[in-house]
1. What translational diffusion coefficient, in µm²/s and rounded to a whole number, does the Stokes-Einstein relation yield for the stretch 173-286 at 10 °C and a viscosity of 1.306 mPa s, taking the hydrodynamic radius as the Kirkwood radius over Cα pairs?
2. Please give me, ordered by residue number, the trypsin sites (Lys or Arg not before Pro) of the stretch 284-367 that lie in loop per DSSP and have at most 13 other Cβ atoms within 10 Å.
3. Under a cut-off of 18 Å between alpha-carbon atoms, report the lysines in cross-link reach of residue 2, not counting same-chain residues fewer than 8 places apart.
4. Tabulate in residue order the Karplus-calculated ³J(HN,Hα) for the stretch 357-363, using 6.51 cos²θ - 1.76 cosθ + 1.60 with θ = phi - 60°, rounded to whole Hz; enter x for Gly and Pro.
5. Accessible area of the stretch 33-145 with a 1.4 Å probe: how many percent of it is carbon plus sulfur?
6. Compare 353, 114, 344 in a GNM of the chain, Cα atoms joined below 10 Å, and give the one with the largest fluctuation.
7. Applying the Karplus parametrisation 6.51 cos²θ - 1.76 cosθ + 1.60 with θ = phi - 60° to the phi angles of the stretch 249-264, what ³J(HN,Hα) value in whole Hz is obtained for each residue in order, glycine and proline being reported as x?
8. Is the C-alpha gyration tensor of the stretch 271-383 telling us rounded, prolate or oblate? Criteria: a/c under 1.5 is rounded; beyond that, a/b larger than b/c is prolate, otherwise oblate.
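The values are calculated or read from the model by the stated rules, or taken from the named source; none is laboratory data. Everything numeric in this text was worked out from a predicted model, so none of it was measured. Neighbour counts are summed over all protein chains in view; Cβ atoms, including those assigned to glycine, are modelled from backbone coordinates with ideal geometry. Ligands, DNA and RNA are excluded from the accessible area calculation, which covers all protein heavy atoms including side chains. Shrake-Rupley method; radii C 1.70, N 1.55, O 1.52, S 1.80 Å.
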Amino acid sequence: MKILVLGCGLVGRLIATDLVRDFEVTVLDPDAEALAMLSRNVPVQTVTGSALDRSLLGRLCRDAAVVCGAVPGRLGFEVMRLVIEQGKPLVDISFMPEDFLALDELAKARGVTVIPDMGVAPGMSNLLAGRGASLVDEVDELRLYVGGLPLTPVPPFNYKIVFSADDVLEEYTRPARFMEDGRVVTTEALSGIEELDFPGVGVLEAFFTDGLRSLLTTIKARRMVEKTMRYPGHASQMRLLRDIGLLDDQPRTVLGTEVIPRRVLAQFLFPKWKMRPEDGDRDLTAMRVVVRGKRSGQEVLCTWDLLDRFDEPTFTHSMARTTGYPCAIMARAVAAGLVPRTGVLAPETLAGVEPLFHFMMTQLQQRGISFHETVTTARQSCR
């Protein structure tokens, strides 16, 4: 059975490496050097080119049982549409700004299954949120916390990245949506700071970011929030940069030269923020999903905690592991027929499919990614 992976970046490489154990894998990417590096170490077929090339994509999709999308977010929606038009199922991690549910009718018409946002957050956060919602009759509160962090914080920012600095800065400027009293409310990113004592890490700060995405429409809750976790002090640093205009994406003229402040800042920050494992840098991923609701008159509290660290035996970033493995495992599930519906299916809508949910959790645990689950109930007092 053949699988096509679109993208050979940090996560695309891991997806291909994982899938090659059970499938014939072809990887498409415009970066010939990245493809050559992958093929030297992993027995995959590589093709240099763009996933937006309709003719090339059609040829590569022809024999593929499943396609995995790991392209930049700005390309994600169009690539998703092209794959659906080829009549192929897709599991995707591209953090696209567009509403992927707009392609649902097209996917149903072509009879294909598409699972977007299937990384860690969004992705596993959605799946576990959906799982918690399926365990109660009504959801009072859903809270999501996630952070990709350096194992050892280094001042002044106490932060390192494995992805694009520009993408991180965009996350700090995009208005954050959350739900209060059943209504969607918008607030500034980096606001709503609270402290969390996360086991195995210590005290972290959590602030609003716009990560709920499809959850705002697929799960009914009285209150729903998503926050990004960083080491304390990071949010105030980023707010300062934002408030003086350095996170703006509109062109400014400086000394007679037109520049985009955010891109200039990213150029300065990337050398400071870039994680260098070869120099001893290590990362961790911390996530907490909390669902509180009622079932048969009882209060139910469901919590899932994840703490994952850089994998020394494979020399793999935690953020790549926790993002790429869910995508690869879901692709296996689709190939095995464990996903019973067609259309564009947000991960949370699949949490009630027992064989699929247990397959995902078991496969992740086999790869060393374990979620600590706690479910408690308490009978409400009657007055």
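1. In µm²/s, the coefficient rounds to 96.
2. Of the trypsin sites (Lys or Arg not before Pro), the ones in loops of the stretch 284-367 whose Cβ has at most 13 other Cβ atoms within 10 Å are 341.
3. Those lysines meeting the cut-off are 88.
4. Coupling constants for the stretch 357-363: 4, 5, 4, 4, 5, 5, 5 Hz.
5. Reported share for carbon and sulfur atoms: 47 percent.
6. 353
7. 10, 8, x, 10, 9, 10, 6, x, 10, 7, 9, 9, x, 4, 5, 5
8. Oblate is the answer for the stretch 271-383, as a/c is 1.5 or above yet b/c matches or exceeds a/b.
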